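The values are calculated or read from the model by the stated rules, or taken from the named source; none is laboratory data. The structure presented is a predicted model; accordingly, all values stated were derived computationally and were not measured. For neighbour counting, all protein chains shown are included, and Cβ atoms are generated from backbone atoms with ideal geometry for every residue, glycine included.
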Amino acid sequence: MRTRIILLAVLLESLSAESDGFYAQVGFQYSNITQDNATSKLGTQVVQAYQKVKLNQVFPVNNNWLAPDATNISFGNRNDNPAVNRIKNLHNLVVWDGKKDIGADKTGYEQAEQRLIPAWVFYTIGDAQAAMPNAPAQVVGSMLNNLGVMTRDVIESYTRFHFEQTPQLQSAFQAFEATSQQAAKALGMDAVGLSFPQEGNVSIPVLQTQISNLGNAANTLTSALFNALVSTSGGNLVIDNAGQRTNISQAIQLDSSKLSVLAQATQKVLAEYYQAHPELAKTYPIIIKKYLPTMQHSYTRSNLYGFNVQAGYKQFFGGAKRWGVRYYGSFSYNGGGQGKTNSMNNFVYGVGVDGLYNFFESGDHNTTSGLFLGLMLVGSSWGAKTAALKTIINTCNNSSACKLQMKQSYFQLPLTFGFRTNLGKHNGFEIGTRIPLLPMPNYYATAATNYREMGTYKQQIGFRRNASVYFNYVYNF
């Protein structure tokens, strides 16, 4: 009798509960998603602005004064004249065959430049003040006038000396012209004419900055011209045309170096005039619109439909095997929208771990029912075509001030729970809910447009799955 009882218990144990093993499930899934449209908030900011002056009214021009050349300077020692030495060294570099050592000529040129430039700046200021005694405003105006003329001369030297035939110099001249155009725009002048005293309505600090930019651009151009003159490739001159080499020397002496000197001289006399006339340094408060770092959001909700697939392994513990755990991989797709021009797709893929509890088991041990609760680690990838998204992308692509960043995927940590039942050894059904726990980590599209004084205006569109409900058919292997 006892043996029979033991055998019956073993038999019941084998028939009861749910067995360990692999399983797979597939079914319908519904998801509710939120589209977040975020834009920068617009606020106001009080800033101090310098008063602007009309250059032609404050700084009159003496059209008879012309900026002096380096050869106009009288040095005490005729045998040690840096202007003459510079010309000699440049000539030796012009006629150089690319073979012999030119270290002495390069060093001689650099040393002559170091001595010549400060003396040239000093002489230019003295020459202007002598031509216009007791008229500091006219000195400034006349220097600005010459600065505008010489800037145009430098730009025109590109075609005058046929440098368009010299690829090595194209980028250097293009950079200089771009700087001159930026200066003209900042000063409110004609970008082509760059006529400093006749036009322009600007504050003195802005004027000083643009003069400095022109001087730096002239120095960069001089360096590019000099490097082109002394460059070789494979033992041969990079620029071997004698006429072009002479033109480079002329451009250094008559154009770029002279402009650099005049810019430095103008900076000095302008700074002195500015210091002597504090009324030009007055500031006044203005209210400007400013894009703030904070964002304003508008939300729209949509329903997506699709399917999900899950496969994994389950195992149970204890004598009754009511408690268990399962490990699985999962993939789901949801889509929706109105036609091809306004659609949305979401792919979610990852792994998960659930705790299982079977609270019911039929008398014939054929049916079990239970609950599950767990966590998943998934990747979420979005594909979207909406009118708002298309507008942002097209607008940003047509603006050089806009930078577009696209991030279509991110990680998420959904909480998953639901009800499950098995009907027989192999078949079952499951209904569950998945709720993402993390906030949206990044936006699908971010367009940032730099509006300078107003700051950066951001437009962002992002998508987040709020919750998913699925109903699956389960097959137990």
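Quick rundown of the values:
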{"item": "Number of positions in the range 212-243 that are in a helix (DSSP H, G or I) and within 24 Å of Ala104 (Cβ to Cβ)", "result": "11"}
{"item": "Boolean, Met454 is within 17 Å of Ala388 (Cβ to Cβ) and either surrounded by 13 or more Cβ atoms within 10 Å (Cβ to Cβ) or touching a Ser or Thr at 6+ places or on another chain (Cβ under 8 Å) (or both)", "result": "no"}
{"item": "Qualifying residue in the range 376-388 (condition: part of a helix (DSSP H, G or I) and either crowded, with 16+ Cβ neighbours inside 10 Å or among the aliphatic types (A, V, I, L, M) (or both))", "result": "yes"}
{"item": "Residues that are surrounded by 13 or more Cβ atoms within 10 Å (Cβ to Cβ) and touching a Gly at 6+ places or on another chain (Cβ under 7 Å), drawn from the range 282-309", "result": "Lys290, Tyr291, Leu292, Ser302, Leu304, Gly306, Phe307, Asn308"}
{"item": "Boolean, Phe419 is farther than 30 Å from Lys390 by Cα, loosely packed, with under 15 Cβ neighbours inside 10 Å and of a type in the set (Phe, Trp, Tyr)", "result": "yes"}
{"item": "Criterion violated by Gly363 - all others in (1) outside any helix (DSSP H, G or I); (2) over 27 Å from Ser330 (Cα atoms); (3) in contact with a Phe, Trp or Tyr (Cβ under 8 Å, 6 or more places away or on another chain) satisfied", "result": "(3)"}
{"item": "Residue within the range 132-142 that is farther than 18 Å from Asp255 by Cβ, among the hydroxyl-bearing types (Ser, Thr, Tyr) and surrounded by 24 or more Cβ atoms within 10 Å (Cβ to Cβ) present", "result": "yes"}
{"item": "Check on Tyr284, of a type in the set (Phe, Trp, Tyr), outside any helix (DSSP H, G or I) and over 32 Å from the mean Cα position of the chain (by Cα)", "result": "yes"}
{"item": "Qualifying residue in the range 171-187 (condition: modelled with pLDDT under 85, more than 27 Å from Gly141 (Cα to Cα) and not in a helix (DSSP H, G or I))", "result": "no"}
{"item": "Residue match in the range 244-251 (condition: assigned to a helix (DSSP H, G or I), of a type in the set (Lys, Arg) and at pLDDT 85 or above)", "result": "yes"}
{"item": "Some residue of the range 61-76 being β-branched (Val, Ile, Thr), surrounded by 14 or more Cβ atoms within 10 Å (Cβ to Cβ) and in a helix (DSSP H, G or I)", "result": "no"}
{"item": "Top-ranked residue in the range 192-235 [being at positive phi and either crowded, with 18+ Cβ neighbours inside 10 Å or not assigned by TED's automatic domain parsing to the domain that holds Ile155 (or both); ranked as modelled with the highest pLDDT]", "result": "Gly200"}
{"item": "Top-ranked residue in the range 343-362 [being among the hydroxyl-bearing types (Ser, Thr, Tyr) and under 30 Å from Ala384 (Cβ atoms); ranked as nearest to the chain's Cα centre (by Cα)]", "result": "Ser343"}
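Conditions tested, residue by residue: (1) surrounded by fewer than 14 Cβ atoms within 10 Å (Cβ to Cβ); (2) assigned to a strand (DSSP E or B); (3) at pLDDT 90 or above.
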position	(1), (2), (3)
Ser260	no, no, yes
Ala263	no, no, yes
Leu270	no, no, yes
Ala311	no, yes, yes
Phe316	no, yes, yes
Gly336	no, yes, no
Lys340	yes, no, no
Met344	no, yes, no
Phe347	no, yes, yes
